[in-house]
Amino acid sequence: MIVAVVLSAGESSRMGRPKALLPIEGQTFIDKIVSALKDSGIERVVVVLGFNAAEMRRRIEHLPVEIVVNPDYKQGQLSSLQTAIRDLQATPDCDGMLVHLVDHPYIDARLVRVMLQRFAESRAPIVVPIHQGKRGHPVIFSRALFQELLNAPMDQGAKAVVNAHRAETFEIDTDDVGITLDIDTPELYRQHVKGE
């Protein structure tokens, strides 16, 4: 089983308001992401909260997700990933995690399905989509890498593990520009989220 992990612990300081709750196509970023993950066939979705966690929990409690809180969210994204891994280690049938960022709202369920299939077939430690030569999100990490991610240096983040396994990574070419669309400032939001 692959568990989806949505990282949504940051302060959204550049955006000025919680990115998870930004409107897009009649819903919020987090609604859109969770919906796509569920449509892809993923049964279990874990959302990692941090900044203002109690209020955020209240705002997303309608979603079919599990919530874990990262008390060390100020240490950066890797700390949230590690919080999720520690939670998942207690799940013996978890083969890996599909990691997605809350500021990447354009996630396609069809691409996620392909990624899950390629992961199952290849047993690669990492599966990642690529658009015009640029890697994007989501990313699948095999359970075999959980300990490495827990031991990764905080200043390098998951990149240290990704770079160490570059040769074994399964890359999926896609024409989906959404995999690289990181909407974390008001300017990018106005530019890419039409009609809001």
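The values are calculated or read from the model by the stated rules, or taken from the named source; none is laboratory data. This structure is a prediction, so every number in the text was calculated from the model and none was measured. FYI the Cβ positions are ideal-geometry reconstructions off the backbone, even for glycines, and counts take in every protein chain you see.
Below is a table of values for the structure above.
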read-out	value
Pairs, first over 22 Å from His62 (Cα atoms) and modelled with pLDDT under 95 in segment 8-22, second buried (at least 17 other Cβ atoms within 10 Å of the Cβ) and of a type in the set (Ser, Thr, Tyr), C-beta under 9 Å, six or more apart	Met15/Tyr189
Meets criteria (at pLDDT 95 or above, of a type outside the set (Ser, Thr, Tyr), under 17 Å from the mean Cα position of the chain (by Cα) and closer than 24 Å to Thr180 by Cβ) for Gly41	yes
Residues of segment 1-60 that turn out to be in a loop (DSSP other than H, G, I, E, B) and basic (Lys, Arg), as a count	3
Filter result (surrounded by 14 or more Cβ atoms within 10 Å (Cβ to Cβ) and farther than 15 Å from His100 by Cα) within segment 53-67	Ala53, Met56, Arg59, Ile60, Leu63
First in segment 136-160 and under 25 Å from Leu111 (Cα atoms), second anywhere and among the acidic types (Asp, Glu), Cβ under 6 Å, 6 or more apart	Arg143/Asp95
Helices (runs of 4 or more DSSP H) contained entirely in segment 130-192, each with at least 2 residues that are of a type in the set (Ser, Thr, Tyr) and surrounded by 13 or more Cβ atoms within 10 Å (Cβ to Cβ)	none
Check on Pro125, loosely packed, with under 15 Cβ neighbours inside 10 Å and either closer than 18 Å to Ile42 by Cα or not β-branched (Val, Ile, Thr) (or both)	no
Any chance Arg118 is under 16 Å from the mean Cα position of the chain (by Cα), modelled with pLDDT of 95 or more and surrounded by fewer than 19 Cβ atoms within 10 Å (Cβ to Cβ)	no
Segment 70-103, residues that are in contact (Cβ under 8 Å) with a residue 60 or more places away in the chain, of a type in the set (A, V, I, L, M) and either in contact with a helix residue (DSSP H, G or I) (Cβ under 9 Å, 6 or more places away or on another chain) or outside any helix (DSSP H, G or I) (or both)	Leu78, Leu81, Ile85, Leu88, Met97, Leu98, Val99, Leu101, Val102
Hey, Glu55 of a type outside the set (Gly, Ala, Ser), under 23 Å from Ile183 (Cβ atoms) and without any contact (Cβ under 8 Å) to a residue 40 or more places away in the chain or not	yes
Filter result for Gly76 (at positive phi and loosely packed, with under 14 Cβ neighbours inside 10 Å)	no
Subset of segment 100-113 that is of a type in the set (A, V, I, L, M, F, W, C) and crowded, with 16+ Cβ neighbours inside 10 Å - its residue that is nearest to Ser13 (Cα to Cα)	Val102
